[in-house]
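Novice: Encoded as structure tokens, here's the structure I'll be asking about.
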Amino acid sequence: MAQLTRRTTALQKTLSAAILSTRHLSTSPITVETSVPFTAHNIDPPSRSVETTPQELLTFYRDMALMRRMEIAADSLYKSKLIRGFCHLYDGQEAVAVGMEAAITKKDCIITAYRDHCIFLGRGGTLLEAFAELMGRKDGCSKGKGGSMHFYKKEGGFYGGHGIVGAQIPLGCGLAFAQKYSKDENVTFAMYGDGAANQGQLFEALNMAALWDLPAILVCENNHYGMGTAEWRAAKSPAYYKRGDYVPGLKVDGMDAFAVKQACKFAKEHALKNGPIILEMDTYRYHGHSMSDPGSTYRTRDEISGVRQERDPIERIRKLILSHDLATEKELKDTEKEVRKEVDEAIAKAKESPLPDPSELFTNVYVKGYGVELNKSLLELDLTNLSRFSVEQSLVLFSNIKLTLLVIDCISQSFGADRKELRAVLP
């Protein structure tokens, strides 16, 4: 597994460099223009001219191709029942993840909702960690206990992966508060969708962030459908970048990686000096909201294919690469083949990863050292006969959430032939 991780990292670093060296291309800067102008609220917009390099263009192409292949593979694994539960795919929105990473560092924080696989990959997560987590395996980024909606990589500045609609926004503002308190000159990107944009907690958090001039950047990934509800049916004013009123905002073409890069760089500089700002990323998801949604009952197939043909983020980068003669069609096809192979190898390794031990159900709940950890070797409690406990013992017992879950389990088991014996340490 470590070998696969090293191989993946090496491939990501060397492939675009290999194309550059074999073609003897210049490493001098290239200036590109964003697809459409930025639209601003209470602020002057950044320039449409964005500086890049041949290396960055090729890296963007590979990274987005890898993200898309990962999501397509996750779709197949879900249909094969190797991934269970909820699963929300990101294909179509890759430019947001890639462009944002190009403008910031790993010391900046990102927190998002449940469409989180590609954000995790951009933060330095591996394919093995991603697929293992999706399949509930031990080598997953959350040890197989979080699944699709709860990816996490604290050392990469990625704080999840949250299943409750909009709940990550106040947490993101809390991260920004910590950054300002520590005076570390970093920012937090709190991401949410247009479906969460009407949540009251968003406005409460934004109010506090503005009062305290926190380095918080609220990023609305507007893919135009909150589950199956079109934005115009859910919001009287779908101009989400203006929703901050007293907080400035910027509308960005979220299908253009360089527009995202420019906007995020601009927003970081603003947030460090002046406090929060809202970025509305105009983007689009190709899959349905989740795996139970075919994605074609509330929008036409022509609409989806039209976006693919006219605004696809990977195709935009491909055209830039070809127009600047940075690679040939065959070299780009070879990149796609290498990406496919890399994803297939990661899936094979993830399938070999064991499932978490049942005892893992009770870890990572409380801070260690406070007397609430389960310990199989110390005290045996027969929880199926609750009547023998005193009032004091019962209060202690039921004050521990983990043990309450055990009580429920034991009561259900007591009706069968096999009774479980549980060992625990009371607080």
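Novice: If the only charges are +1 at each Lys and Arg Cβ and -1 at each Asp and Glu Cβ, what is the size of the charge dipole of segment 187-338 around the Cα centre, to the nearest 20 debye? If you can, show how the numbers build up before the last one.
Specialist: Numbers: 20 positive and 23 negative charges, 39 e Å.
In debye, rounded to 20, segment 187-338 gives about 180.
Novice: Still on this structure, I have one more. Which order do Asp293, Asp245, Asp44, Asp184 take when ranked by solvent-accessible area (1.4 Å probe, heavy atoms of all protein chains), largest first? Present the calculation step by step, with values, prior to reporting the outcome.
Specialist: Numbers: Asp293 30, Asp245 100, Asp44 125, Asp184 65 Å².
The ordering from most to least exposed comes out as Asp44, Asp245, Asp184, Asp293.
Novice: Here's another thing I want to ask about it. Using a 1.4 angstrom probe and counting only protein chains, how large is the accessible area of Lys79 in Å², to 10?
Specialist: Number for this one is 150 Å².
Novice: So, one more: Please state the shape class of segment 64-169: rounded when a/c is under 1.5, otherwise prolate if a/b exceeds b/c and oblate if not, all from the C-alpha gyration tensor.
Specialist: Cα axes put segment 64-169 in the prolate bin.
Novice: What shape does segment 197-321 take by its C-alpha gyration tensor, where a ≥ b ≥ c are the square roots of the eigenvalues and a/c under 1.5 counts as rounded, a/b above b/c as prolate, and the rest as oblate?
Specialist: Here segment 197-321 falls in the oblate category.
Novice: Tabulate in residue order the Karplus-calculated ³J(HN,Hα) for segment 203-213, using 6.51 cos²θ - 1.76 cosθ + 1.60 with θ = phi - 60°, rounded to whole Hz; enter x for Gly and Pro.
Specialist: Per-residue couplings from phi come out as 6, 5, 5, 5, 4, 5, 4, 6, 4, 9, 6 Hz.
Novice: Going by accessible area, probe 1.4 Å, with all protein chains left in place, what is the ranking of Ser237, Ser353, largest first?
Specialist: Ser237, Ser353
Novice: Tell me the relative contact order for segment 87-143 as a rounded percent, counting alpha carbon contacts under 8 Å between residues six or more apart.
Specialist: Once divided by the residue count of segment 87-143, the mean separation gives 28 percent.
Novice: Ordering Ile164, Ile119 by accessible area with a probe of 1.4 Å, largest first, what comes out? Walk me through the numbers on the way to the answer.
Specialist: Working: Ile164 115, Ile119 5 Å².
Reading off the accessible areas and sorting them downward yields Ile164, Ile119.
Novice: Could you tell me how many cubic angstrom of Cα convex hull volume segment 181-240 has per residue?
Specialist: On the way: hull volume 5.4 nm³, N = 60.
It comes to 90 Å³ per residue, whole-number rounded.
Novice: Sticking with this structure for a sec: Here is the link list: Lys153/Lys273; Lys180/Lys265; Lys107/Lys268; Lys106/Lys268. Which ones come out longer than 22 Å on Cα distance? Intermediate values should be presented prior to the final figure.
Specialist: Numbers: Lys153/Lys273 27 Å; Lys180/Lys265 18 Å; Lys107/Lys268 12 Å; Lys106/Lys268 13 Å.
Distance filter (> 22 Å) returns Lys153/Lys273.
Novice: Express the accessible area of segment 263-369 per residue in Å², computed with a 1.4 Å probe while the remaining protein chains stay in the model. Let's see the in-between values first.
Specialist: Values: 5760 Å² over 107 residues.
Per-residue accessible area for segment 263-369 comes out at 54 Å².
Novice: Return the carbon/sulfur percentage of the accessible area of segment 16-160, one whole number, probe 1.4 Å, all protein chains in place. If you can, show how the numbers build up before the last one.
Specialist: On the way: 2820 of 5440 Å².
Carbon and sulfur: 52 percent of the exposed surface of segment 16-160.
The values are calculated or read from the model by the stated rules, or taken from the named source; none is laboratory data. Just so we're clear, the structure is a prediction, and the values are computed from it rather than from any experiment. No Cβ is skipped: glycine too gets one built from the backbone with ideal geometry, and neighbour counts run over all protein chains shown. All accessible areas refer to the heavy atoms of the entire protein, side chains included, with ligands and DNA or RNA removed. Shrake-Rupley method; radii C 1.70, N 1.55, O 1.52, S 1.80 Å.
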